[in-house]
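First the structure, in the form of structure tokens, and then the observations on it.
The numbers here are math on the coordinates, done by the rules we state, and not lab data. All values reported here derive from a predicted model rather than from experimental measurement. Heads up, the Cβs are rebuilt from the backbone with ideal geometry, glycines too, and the neighbour counts pull from every protein chain shown.
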Amino acid sequence: MSAAAAPPEGTEQDFPVELASADRIASALVRFMRLLGRAKQQFAASSEGLEHTAFMLLARLVTDGAQRLTTLAESVMSDPSTVSRQVAPLVREGLVERRPDSEDRRASLLAVTDDGMLLFEAGRRQRDMFIANALREWASSDVEQLTSLLERLATDFENELTDLAPGSEAVPRRGDRGDQGEQG
């Protein structure tokens with residue numbers, strides 16, 4: 001069992017976002033994640049038994065192309081043995097196939113099959129229709145702003161997790177470098 005990374009140190013004055021705002025954001029995210037969990041269960045029940053994890057692995061293979069299992073595991077931030085167990089049913093069902101790696105004959109690449117692509121596209125279409133329906137009364141500028149802010153939040157969370165990873169070097173933050181980098 002690995003030790004958890006220590007939270008950032010400092011006082012309230014050290015953080016550019018008020019802690020009360022951070023708490024509201026966290027509460028909204030927790031609520032949203034619960035709702036996503038319910039939606040994932042509903043989609044799995046209606047998508048020929050394809051679980052969320054399998055969909056996520058297919059998505060990575062569709063987006064990034066054929067790759068080694070270790071690369072796939074890194075891209076989904078999981079352990080290779082876990083991803084190996086999750087990929088096995090996809091291979092058995094003919095949704096993913098193992099191909100020889102031309103760079104290393106001892107290794108194989110995982111690639112989406114035509115059937116896997118069809119199932120992925122159907123799942124993505126279902127997901128996109130659900131989201132479009134949920135946002136149907138939003139102005140297009142609000143949808144664009146939400147998209148931009150979610151992409152930015154995901155990137156910043158990813159960077160923060162990297163900064164807190166055990167053994168990683170501390171990465172200076174904008175305020176720590178003495179520059180007046182853009183805060184918005």
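In this label model, residue 101 and residue 141 are separated by 5.0 nm, measuring between points 7 Å along each Cα→Cβ vector. Sorting the segments 53-62, 130-139, 66-75, 91-100 by their residues' average number of neighbouring beta-carbon atoms within 10 angstrom, most packed first, yields 53-62, 66-75, 91-100, 130-139. Residue ranges 109-115, 123-129 sort as 109-115, 123-129 when ordered by packing (mean number of other C-beta atoms within 10 Å per residue, highest first). With a Förster radius of 25 Å applied to the C-beta separation of residue 39 and residue 18, the computed FRET efficiency comes to 0.25. Debye-formula intensities of region 24-164, expressed as log10 I(q)/I(0) at q = 0.09, 0.10, 0.19 Å⁻¹, are -0.35, -0.43, -1.28 (one equal scatterer per alpha-carbon, no solvent).
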